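Asker: The structure's right below; bear with me while I get my questions together.
What follows draws every value from the coordinates through simple rules; no lab data is involved. Small disclaimer: the values here were computed from a predicted structure and weren't measured. As a convention, Cβ positions derive from the backbone with ideal geometry for all residues, glycine included, and neighbour counts pool all protein chains shown.
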Amino acid sequence: MSAVANDAIATAVLAQFPAVQQKHADNGRAFLLVPKGDLVAVAHFLRTQKSLRFDALMDLTAYDLLKYPSTPPSDDIAVVYLLFSYQHRHKVTLKVLAPRAECEVATVSGEWPAALYFEREVFDLFGVRFPGHPSLRRIMTPDDWQGHPLRKDYLYPDSYHGVAHLRDGQHFEGSPPRGGDTP
Amino acid sequence: MTTDERPGNRADEQVHMAAVDEFLAWGKEHSLFYLLFATACCGIELMQAGGPRYDVDRLGMIPRATPRQADLMIVAGTITHKMAGRVRTLWEQMTEPRWVVSMGSCANSGGPFSKWSYSVLNGIDKYVPVDIYIPGCPPRPEALIDGVMALRERVKRYRTVGERDRTPYIVAGPEAPFGGHCKVPDFTAKKPDGGGGGSA
Amino acid sequence: MTIEASTPSGERMTLNMGPHHPATHGVLRIVVESDGEVVATCTPDHGYLHRSIEKIGECVEWPMFVPYTDRVDYVCAMNANLAYCIAAEKLLQSDPANTFVVPRRGECIRVLVAELNRISSHLVAVGAMAMDVGAYTPFLHGIAQREGVNDIFEKLCGQRLTYNYVTIGGVAYDLYDTAIDEIRRFLDQFEREMVRFNKLVTTNTIFRDRCASVATVSAAEAIAWGLVGPNLRGSGVDFDLRRDEPYGIYGELGVQVPVGQAFAGRKGSVGDAYDRYVVRLLEILESIRLCRAVLELLPPAAAKANDPIGGWQADVGKQVKRPPKGEVHVRTEAPRGEMGYFLVSDGTKALFRVRCRTGSFTAAGIFHHVMRGIFLADVVAVIGSFDIVVPEIDR
């Protein structure tokens, strides 16, 4: 058991995959920006390399960069992989940018089966498709739901199957925008 | 014919004359079997109400796992759009006369999720007719028992033929939104100077 | 399995469990395809309690999200509060201008309430599991003891279930005057009660044999499928965030970590349902010890809430209005395992993204894997042994 520092992990990955970039969030939190095409290979490398051995996927999530005050502005969806090694007790964060138009990232469920559920959730809430996933269905919202709720440009539906969402005469000050496609 | 004059054995104490309907209502009132159905947080309070301290069994309330044996559905917790249709199905499977108690703010009106949530239904009364509303997030077991006692009054008045009382009843009334335990602060009044700690 | 071979030629029956089913702990739906008495496939269906809590986190201000964390996991709301507040504090502190520290007494109270809530959460877990396999009495014992914790919390913060007690920067109120005595009295009484509970359930041959070797998850499987908390430790992985990545004052307490070791003896195997159950019981005992240890460490109350030693709430009112940009990932050990918050802030009053990773979500993810080939009657025992709380899955 020997934890490897975050920079050393980055060096090891960068040596193998030169297209990967080490970046920092606005508050200095380090992460590896992985190009879409390299993701599965990087994941396999991180999981199987003896000195790294990231045997667990702590979390797989995403966030929508639309409306994030970054320079230059972007409308990509960032898929975030938080990895942990029970053997060495170290962590790493991977990010993959999925463009809004062609929102696809290869599945990592072959490396960590825990990703099966996480990816279904990201697909449901963000609309990121994971080619290679055995059963990519909606998990949280009903099957006939329209849109992907956690996207920043999502419009809340007014009703579901003809039943209005709000009560008669109910109105909220400053509530989120409504008028989305009704399922 | 000899009569036993000991208390409780006299003829007028043992024989009651009543209409069949009244008698049935009396029986229903004292054996409100409820559907073991919990969706969210309020379900835990429902469990606690069935536990040893509050013990709703003594009111004749026994949980039933199947809707076909239940008289009362306690909608305990948030109902999402996805779930609402299932609640309706459960309600349809119950036999008449059936009663619905909406327990907690979420089932009443969406509660804390009514404004910002896209998936929560603002009130189960859009799907099933509700007899008793119990406010609280979650309501205490005492509030649930209060609601059940109010329902029992209604069950007592139920008759097989005729109009059924459908007026919604809110436990502790609309003028006491915190169940009457807490004075509602007057937000419109002018604030005295100072006030407000440094807490977040 | 030998039984599978003896069943008639692949005639399958689809059985729909839930979303209303007394043994699914809420509104979980499981579609089971059975081959005789043996489960062939199992497809969980979630989302019946998806309340869009993560979206709400993007709409409300930082401190306003704390009540919603209660509702992410209402069985252990204190732990859920704590997880979010620690994450929010860490994100605030990533700006060097924000120099607040949570007062020492506040940290002690946080650990105290978190451990008390772990006790009450595990009581529901073990009680409900016993109920699922057919014994109703242990559930009532669990519920009865839970009232003791509820009473303390109610006096502490006015609520029995959803506390909103832990805040960003500390806790909302100081302990009430007689709290320490009452907690000590409860712990003493509860410890005696646990002996009775163990006699009734844990050492009960019927219960033990019922759960032994059911739904065994190996250590490698548990890690790969992302199991956390007691489910992971039940499979023999010696890992507890309170000890291995200590937060708050856990580092000073020396947390002992129970791991599964085929407690059911010859009939059992490491990582079966009985192991997960026993690990939870041992954690209850450990929590009793931790509560007592925290009460020893608790510094006396100061007059001011923001006193660095005897206070309970740091001044963060201004900081949360102008938070720094950036992101943070913090994970804490809740009763159902790792509760991790991944927060992204864009510098405004509302968070840009709130992600809550919970233990039940990945536990539900392994269902279709472990339930293949087990008996139909064991399905409820498996759900009980993983201690599923549905809003944690759906959020």
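Asker: Relative contact order for chain C: what percent, with Cα pairs under 8 Å and sequence separation of 6 or more?
Answerer: Numbers: 797 pairs, mean separation 102.6, N = 395.
About 26 percent, as a whole number.
Asker: Still on this structure, I have one more. Of the DSSP beta bridges with both residues in the protein assembly as shown, give the percent that are antiparallel, rounding to the nearest 5.
Answerer: On the way: 56 of 75 bridges.
Among the beta bridges of the protein assembly as shown, antiparallel pairing accounts for roughly 75 percent.
Asker: Modelled label-to-label distance, C:R192 and B:Q93, 7 Å Cα→beta-carbon offset: nm?
Answerer: So the label points at C:R192 and B:Q93 sit 4.5 nm apart.
Asker: Partner chain Cβ atoms within 10 Å, averaged over the residues of C:134-143 - can you pull that number for me?
Answerer: Numbers: counts 0, 0, 0, 0, 0, 3, 5, 2, 2, 9.
What the average comes to for C:134-143 is 2.
Asker: How much FRET efficiency would the formula 1/(1 + (r/R0)^6) give for C:T99 and A:R100, where r is the Cβ-Cβ distance and R0 is 35 Å, rounded to 0.05?
Answerer: So, using R0 = 35 Å, E works out to roughly 0.30.
Asker: Can you give the average number of partner chain beta-carbon atoms within 10 Å of each beta-carbon in peptide C:360-367, as a whole number? Mind dumping the intermediate values first?
Answerer: Working: counts 0, 6, 9, 1, 2, 9, 4, 1.
Per-residue shielding by partner chains comes out at 4.
Asker: I need the peptides B:57-67, B:114-124, C:79-89 ranked by packing, meaning the mean over residues of other C-beta atoms within 10 angstrom, with the highest value on top. Walk me through the intermediate numbers first.
Answerer: Details: B:57-67: 15.6, B:114-124: 24.6, C:79-89: 26.9.
Top to bottom by mean Cβ count within 10 Å: C:79-89, B:114-124, B:57-67.
Asker: Next question. Please report the relative contact order for the range A:141-183, taking Cα pairs under 8 Å with a sequence separation of at least 6, and give it as a percent rounded to a whole number. Working shown, then result.
Answerer: On the way: 44 pairs, mean separation 21.8, N = 43.
Reported relative contact order: 51 percent.
Asker: Please compute the net charge surrounding C:P138, taking Lys and Arg as +1 and Asp and Glu as -1 over other residues with Cβ under 15 Å from its Cβ.
Answerer: Values: positive: C:R146, C:R196, C:K199, C:R208, C:R210, C:R280; negative: C:D132, C:E193, C:D387.
So the surrounding residues net to +3.
Asker: Residues in the range A:90-104 near a label at A:Q16, defined as backbone nitrogen under 18 Å from the 7 Å Cα→Cβ point?
Answerer: Inside the label zone: A:90-96.
Asker: Continuing with this model, one more query. Could you tell me which of the pairs C:K90/C:K325; C:K55/C:K325; A:K36/A:K91; A:K36/C:K325 are separated by over 23 angstrom between their Cα atoms in the structure shown? Before the final figure, lay out each step's value.
Answerer: Values: C:K90/C:K325 12 Å; C:K55/C:K325 19 Å; A:K36/A:K91 21 Å; A:K36/C:K325 26 Å.
From C:K90/C:K325; C:K55/C:K325; A:K36/A:K91; A:K36/C:K325, over 23 Å: A:K36/C:K325.
Asker: Note down the nm distance, to one decimal, between modelled labels 7 Å out along Cα→Cβ at A:K67 and at C:Y173.
Answerer: 3.6
Asker: Looking at the range A:131-174, which trypsin sites (Lys or Arg not before Pro) are DSSP coil and have at most 11 other C-beta atoms within 10 Å of their C-beta? Write out the running numbers ahead of the final one.
Answerer: Working: sites: A:R137, A:R138, A:R151, A:K152, A:R167; in loops: A:R137, A:R138, A:R151, A:K152, A:R167.
Of the trypsin sites (Lys or Arg not before Pro), the ones in loops of the range A:131-174 whose Cβ has at most 11 other Cβ atoms within 10 Å are A:R137.
Asker: In a GNM of chain C with a 10 Å cut-off on Cα contacts, which of C:L15, C:L227, C:L116 has the highest mean-square fluctuation?
Answerer: C:L15
Asker: Next up: Mind checking the range B:1-88 for GluC sites (Glu not before Pro) that DSSP puts in a loop (not H, G, I, E or B) and that have at most 11 other Cβ atoms within 10 Å? Write out the running numbers ahead of the final one.
Answerer: Numbers: sites: B:E5, B:E13, B:E22, B:E29, B:E45; in loops: B:E5.
Those satisfying the criteria are B:E5.
Asker: Please build a GNM for chain C, connecting alpha carbons under 10 Å apart, and tell me which residue among C:P230, C:P335, C:P44 fluctuates the most.
Answerer: Maximum fluctuation in the GNM of chain C, among the listed residues, is at C:P44.
Asker: Sum up the charges of everything whose Cβ sits under 12 Å from the Cβ of A:T48, counting Lys and Arg as +1 and Asp and Glu as -1, but leave A:T48 out. Can you show the working numbers first?
Answerer: Values: positive: A:R47, A:K50, A:R53; negative: A:D55, A:E111.
With Lys, Arg at +1 and Asp, Glu at -1, the neighbours total +1.
Asker: If each of C:R185 and B:T160 carries a label point 7 Å out from its Cα toward its Cβ, how far apart are those two points in nm?
Answerer: The two pseudo-label positions are separated by 5.5 nm.
Asker: Ignore the peptide's own chain and count Cβ atoms of other chains within 10 Å of each Cβ in A:112-125; give me the average, rounded.
Answerer: Values: counts 4, 8, 10, 4, 7, 13, 5, 0, 2, 9, 0, 0, 3, 4.
Counting Cβ atoms of other protein chains within 10 Å of each residue's Cβ and averaging gives 5.
Asker: For chain A, what is the calculated [θ] at 222 nm in deg cm²/dmol (nearest 500), taking -39500 (n - 2.57) for each run of four or more DSSP H residues and dividing by its residue count?
Answerer: Rounded to the nearest 500, it is -5500 deg cm²/dmol.
Asker: In the range B:32-63, which chymotrypsin sites (Phe, Trp or Tyr not before Pro) fall in coil by DSSP and have 16 or fewer other Cβ atoms within 10 Å?
Answerer: On the way: sites: B:F33, B:Y34, B:F37, B:Y54; in loops: B:F33, B:F37, B:Y54.
Here the chymotrypsin sites (Phe, Trp or Tyr not before Pro) that fit, given the DSSP loop and packing criteria, are B:F33.
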